[in-house]
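To start, the structure under review is shown below, and the notes come after it.
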Amino acid sequence: MSQKYERIVVVGGGSAGWMTAAALVAGLKGRASVEVVESEEIGIIGVGEATFPSIRNYNQLIGIDEAEFLRATTGTYKLGIHFCDWLEVGRDYFHTFGHFGNLYGSQTLWAQHRRLGLTEPLGLQCVPTVMAMKDRFVLPSEQAEFKYAYHFDAVQYAAFLRRLAVQRGARHTQGRIVDVSRHADGRVAALQLDDGRRVEGDFFVDCSGFRSLLLGGTLGEPFVDLSHWLPVDGAWACPTERAGDELTPYTRATALESGWAWRIPLQNRTGHGHVFSSRFIDVDRARDQLLARLDGKPVAEPRLLRFTTGHRQRFWVDNVVAVGLSSGFLEPLESTSIYLVQDAIARLMVLLTTGRPLDENDRALFNEGAVRRFSRIRDFIILHYCLTRRRDSELWRHVATMELPETLVFRMELWRRYGVLHEYDEEGFDATSWLAIHAGMDHWPERLDPVFAEVEPELAASALRDRRAAIAVSVERMPSHHRLLQQVLGR
Ligand code: FAD
């Protein structure tokens with residue numbers, strides 16, 4: 001059955017809803033009406049959010065100026081994530097969005113580093129990692145090529161996008177949806193609001209958050225539960241005051257007894273949270289563990305969020321497509337939720353801008369792409385856990401010994417046996433990211449390709465030494481993250 005989409009209704013006004021609406025009005029240029037229905041009374045998730053570099057593509061696509069965006073969302077720059085205590089208590093590593101590079105043409109630098117048995121962190125050969133370690137930031141240039149993302153306040157981001165989308169023609173309707181009516185063939189026809197208003201549409205984007213009002217609720221699409229692999233199911237969040245010049249250009253993720261804690265720096269406050277598995281820790285104890293870690297004065301009461309990791313079996317059914325938490329959630333480690341929102345929007349826009357009626361094949365293509373992305377990110381997140389040497393609590397014993405998805409076993413075998421990092425095009429994490437986690441978790445191939453032995457060890461050692469020194473000197477000249485940000489903000 002093919003479908004029209006002249007009246008598009010977006011259900012929900014969180015980051016997912018307004019990101020979708022802003023992209024639809026920009027991309028469809030008046031060829032369809034866009035109406036966002038949200039309930040202020042229900043509110044949005046909006047904890048301090050960390051993102052993935054592709055967020056910059058989204059912002060550029062809809063014409064957002066970076067300085068204006070950072071001012072509106074109290075945003076900061078993010079070079080990556082500092083992982084503490086994941087391998088063992090006391091061991092740490094960075095996952096930054098930069099590559100380690102090559103030596104001698106095609107020879108990977110990590111392999112020479114490994115062959116020489118160097119004990120210094122591989123990250124010292126990576127520009128953004130050294131920048132992160134020193135709290136420095138510059139925008140990438142030809143000399144220092146790397147990707148970056150942002151930390152920002154998700155509530156402010158949604159409000160910023162709402163202003164922009166409404167200015168460009170989106171309609172904003174406030175009201176609580178209490179009922180959903182359907183056509184005889186099962187398609188959603190209209191939303192019933194609590195004050196009696198009815199919102200009709202021919203295409204619905206479900207951005208209703210964990211409720212999954214249309215896809216999970218009205219259409220009853222089954223949920224694929226991934227909690228056997230990703231066992232966290234709750235988070236306490238509590239922001240603290242932030243002042244002064246110390247401003248880390250990275251998120252910190254510290255492994256705790258039954259989960260992990262995030263630290264996300266914004267301009268005026270620091271987001272703190274404890275993501276935990278209630279199978280292994282009592283909710284109150286999880287809260288106490290967060291409060292004991294705060295490095296500033298709390299500016300709000302701790303807030304509890306509950307979730308189940310997983311996703312809907314299909315993401316697009318009939319005339320309803322789910323974007324954001326309504327489609328699924330893989331836990332906040334590696335900040336992939338907003339990336340998945342953006343990716344879904346991009347794939348949806350490709351189909352909607354064809355201008356032709358969409359049919360079962362389009363939906364199947366979209367669904368297959370979404371499942372693939374969720375599966376790859378799922379595997380990437382599991383990699384952070386399953387390589388641990390921690391055995392000091394039930395959670396760590398569980399993740400170190402659980403049976404892994406076949407797809408991850410395959411990728412880990414490729415790496416362990418042959419030193420191969422399988423590359424997928426443009427879907428989430430690239431080979432460099434996988435290498436950062438393998439290296440950080442001290443997980444290496446059993447043997448190296450004999451080709452690496454062709455270079456004299458002294459020559460390779462001196463090339464690595466020179467490179468490391470050059471990076472250290474160039475980073476030392478860079479401004480602090482705080483200073484650069486003030487410049488960008490015009491302060
Ligand atoms: P929500 O923000 O929940 O919005 C749902 C909307 O639906 C609201 O506007 C609500 O009013 C509306 N709605 C629901 N029911 C009705 C109804 N009956 N009538 C009318 N309106 C209704 N993502 C990242 O990328 N990086 C991170 O660092 C990160 N950290 C996270 C930490 C935690 C603990 C959690 C739980 C999530 C985190 N996320 C993170 C995910 C991120 O918050 C969401 O993906 C993102 O904010 C999008 O949420 P959403 O818009 O799908 O849902």
> Does at least one position in segment 293-302 carry a residue that is within 15 Å of the ligand (Cβ to nearest atom) and closer than 23 Å to residue 398 by Cβ?
Replying inline: no
>> Testing residue 270 on (1) crowded, with 21+ Cβ neighbours inside 10 Å; (2) within 12 Å of the ligand (Cβ to nearest atom); (3) among the hydroxyl-bearing types (Ser, Thr, Tyr), one condition comes back false. Which one is that?
In response: (2)
> In segment 310-326, how many residues are more than 16 Å from the ligand (Cβ to nearest atom) and more than 19 Å from residue 348 (Cβ to Cβ)?
Replying inline: 0
>> Yes or no: segment 396-408 includes at least one residue that is farther than 24 Å from residue 438 by Cα, surrounded by fewer than 21 Cβ atoms within 10 Å (Cβ to Cβ) and among the acidic types (Asp, Glu).
In response: no
>> Looking at residue 67 and the list (1) in contact with a strand residue (DSSP E or B) (Cβ under 8 Å, 6 or more places away or on another chain); (2) among the aliphatic types (A, V, I, L, M); (3) closer than 20 Å to residue 480 by Cα, which single condition is not satisfied?
In response: (1)
> When you look at residue 411, is it out of contact with any Phe, Trp or Tyr (no Cβ under 7 Å at 6 or more places or on another chain), basic (Lys, Arg), assigned to a helix (DSSP H, G or I) and free of Cβ contacts under 8 Å to residues at least 12 places away in the same chain, yes or no?
Replying inline: no
> Which is in contact with a strand residue (DSSP E or B) (Cβ under 8 Å, 6 or more places away or on another chain), over 18 Å from residue 204 (Cα atoms), modelled with pLDDT of 95 or more and in a helix (DSSP H, G or I), of 374, 380, 366?
Replying inline: 374
>> I'm checking my understanding of the structure. Among residues of segment 9-34 that are more than 16 Å from the ligand (Cβ to nearest atom) and touching a residue at least 60 places away in the same chain (Cβ under 8 Å), which one is nearest to residue 192 (Cα to Cα)?
In response: 33
>> Conditions first: (1) at pLDDT below 95; (2) surrounded by fewer than 22 Cβ atoms within 10 Å (Cβ to Cβ). Residue 126 passes all but one, so which condition is the exception?
In response: (2)
> Quick check: anything in segment 349-358 surrounded by 24 or more Cβ atoms within 10 Å (Cβ to Cβ) and touching a residue at least 12 places away in the same chain (Cβ under 8 Å)?
Replying inline: no
> Considering 329, 276, 307, which residue is under 30 Å from residue 132 (Cβ atoms), surrounded by fewer than 21 Cβ atoms within 10 Å (Cβ to Cβ), at pLDDT 95 or above and within 13 Å of the ligand (Cβ to nearest atom)?
Replying inline: 307
>> Among the residues of segment 452-486, what is the count of those that are surrounded by 11 or more Cβ atoms within 10 Å (Cβ to Cβ) and part of a helix (DSSP H, G or I)?
In response: 24
> Taking segment 140-166 only, how many residues are without any contact (Cβ under 8 Å) to a residue 40 or more places away in the chain and more than 23 Å from residue 18 (Cα to Cα)?
Replying inline: 3
>> Can you pull out every residue in segment 128-179 that is touching a Ser or Thr at 6+ places or on another chain (Cβ under 6 Å) and of a type in the set (Asp, Glu)?
In response: 135, 153
> Would you pick out the residues in segment 365-379 that are under 17 Å from the mean Cα position of the chain (by Cα) and farther than 14 Å from residue 340 by Cα?
Replying inline: 379
>> Any residue at all in segment 376-394 that's within 16 Å of the ligand (Cβ to nearest atom), aliphatic (A, V, I, L, M) and farther than 30 Å from residue 31 by Cα?
In response: yes
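The values are calculated or read from the model by the stated rules, or taken from the named source; none is laboratory data. Note that the structure is a prediction, hence the values are computed from the model and not measured. Cβ atoms come from the backbone with ideal geometry, glycine included; neighbour counts cover every protein chain shown.
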